[in-house]
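Step one of this worksheet: look at the structure below.
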Amino acid sequence: AQTVTQSQPEMSVQEAETVTLSCTYDTSESDYYLFWYKQPPSRQMILVIRQEAYKQQNATENRFSVNFQKAAKSFSLKISDSQLGDAAMYFCAYRSGLNYGGATNKLIFGTGTLLAVQP
Amino acid sequence: NAGVTQTPKFQVLKTGQSMTLQCAQDMNHEYMSWYRQDPGMGLRLIHYSVGAGITDQGEVPNGYNVSRSTTEDFPLRLLSAAPSQTSVYFCASSYEVRGTGELFFGEGSRLTVL
């Protein structure tokens with residue numbers, strides 16, 4: 001079974017600085033997707049960024065980028081120029097690829113990292 | 001466009017009571033699912049559906065029941081609430097059953113069982 005581990009329960013960053021959130025996963029599958037979701041105090045789950053395992057290039061969305069190390073099974077999220085609105089719980093999630101049967105839309109979540117942004 | 005709508009947003013139950021969490025989406029999504037979120041445990045899949053009339057169990061299905069009579073609605077029923085079911089519940093949907101598209105979440109329902 002696949003597992004997702006986020007080893008940092010809490011992180012803090014100064015406004016305008018850069019922070020990296022860690023995520024590791026375990027899988028025997030070769031085709032999968034990785035996600036970072038943001039959950040602000042409103043509880044709404046917001047997709048931040050997505051990475052397809054077959055793509056070597058790291059995904060980027062504005063100030064958010066990932067460092068995807070497939071061999072090491074590592075998927076960290078870098079937030080540049082941190083803003084007060086980035087304060088939230090961040091979840092790393094895994095989903096099996098299209099070549100695997102069953103509930104391939106099933107997301108397996110890590111336990112989350114609570115990010116505080118200091119003004 | 002409302003997206004994924006969950007009701008109620010807050011509910012307090014006594015042990016043994018039953019209730020239904022409602023989930024509706026207006027995006028014509030085939031795939032719908034229910035997750036529960038507990039502190040220190042992330043989100044865990046309870047049940048999911050790949051279309052009207054088709055449901056299946058997720059990781060933590062015990063104590064919950066679902067049905068999918070229409071594409072739009074996917075209610076989650078607690079048959080006899082227990083304190084262990086105190087949690088925040090999220091409904092999520094996506095257009096494709098096995099696609100690469102985004103999973104859209106509702107705003108969550110906080111349930112307390114006394």
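No lab work stands behind these numbers, since they all come straight from the coordinates. All values reported here derive from a predicted model rather than from experimental measurement. Ideal geometry is used to build each Cβ from the backbone, glycine not excepted, and the neighbour counts take in all protein chains shown.
Taking beta carbons within 10 Å but only from partner chains, what does the mean come to for residues B:39-45?
Working: counts 2, 3, 4, 12, 11, 3, 6.
Mean shielding by partner chains, rounded to a whole number: 6.
Rounded if a/c is under 1.5, else prolate if a/b is larger than b/c, else oblate: which is chain B, with a ≥ b ≥ c the root eigenvalues of its Cα gyration tensor?
Since a/c reaches 1.5 and a/b is larger than b/c, the shape of chain B is classed as prolate.
Shape summary: segment A:1-51 maps onto an equivalent ellipsoid whose semi-axes, from the alpha-carbon gyration tensor, are 24, 14, 11 Å in decreasing order. Over chain A, Cα pairs under 8 Å with separation of 6+ residues give a relative contact order of 37 percent. For B:K9, the lysines whose Cα comes closer than 23 Å to its Cα, not counting residues fewer than 8 places off in the same chain, are A:K38.
Considering all different alpha carbon pairs of chain A, the Kirkwood hydrodynamic radius works out to 14.5 Å.
Restricting the count to DSSP beta bridges whose residues both fall in chain A, what percent are antiparallel, rounded to a multiple of 5? Roughly 85 percent of the beta bridges in chain A run antiparallel, per DSSP.
The mean number of Cβ atoms from other chains found within 10 Å of a Cβ in peptide B:105-114 is 2, as a whole number.
Per residue of B:26-36, how many C-beta atoms from partner chains lie within 10 Å of its own C-beta, taken as a mean? Please report the intermediate quantities before stating the final value.
On the way: counts 0, 0, 0, 0, 1, 4, 1, 4, 0, 4, 0.
Counting other chains' Cβ atoms within 10 Å and averaging over B:26-36 gives 1.
Excluding same-chain neighbours fewer than eight residues apart, the aspartates and glutamates reachable from A:K55 by a Cα-Cα span under 20 Å are A:D26, A:E29, A:D31, B:E102. Please figure out what share of the DSSP beta bridges in segment B:10-114 is antiparallel and state it in percent, rounded to the nearest 5. Bridges in segment B:10-114 are about 90 percent antiparallel.
Near the amide H of A:G112, within less than 5 Å, lie the amide hydrogens of A:Q6, A:C92, all on another chain or at least 5 residues away, with H placed in the peptide plane. The simple spin-label model puts a point 7 Å past each Cα toward its Cβ; for B:N28 and A:T5 those points are separated by 4.5 nm. Neighbours of B:T5, meaning other residues whose beta-carbon lies under 12 angstrom from its beta-carbon, give a summed charge of -3 when Lys and Arg score +1 and Asp and Glu score -1.
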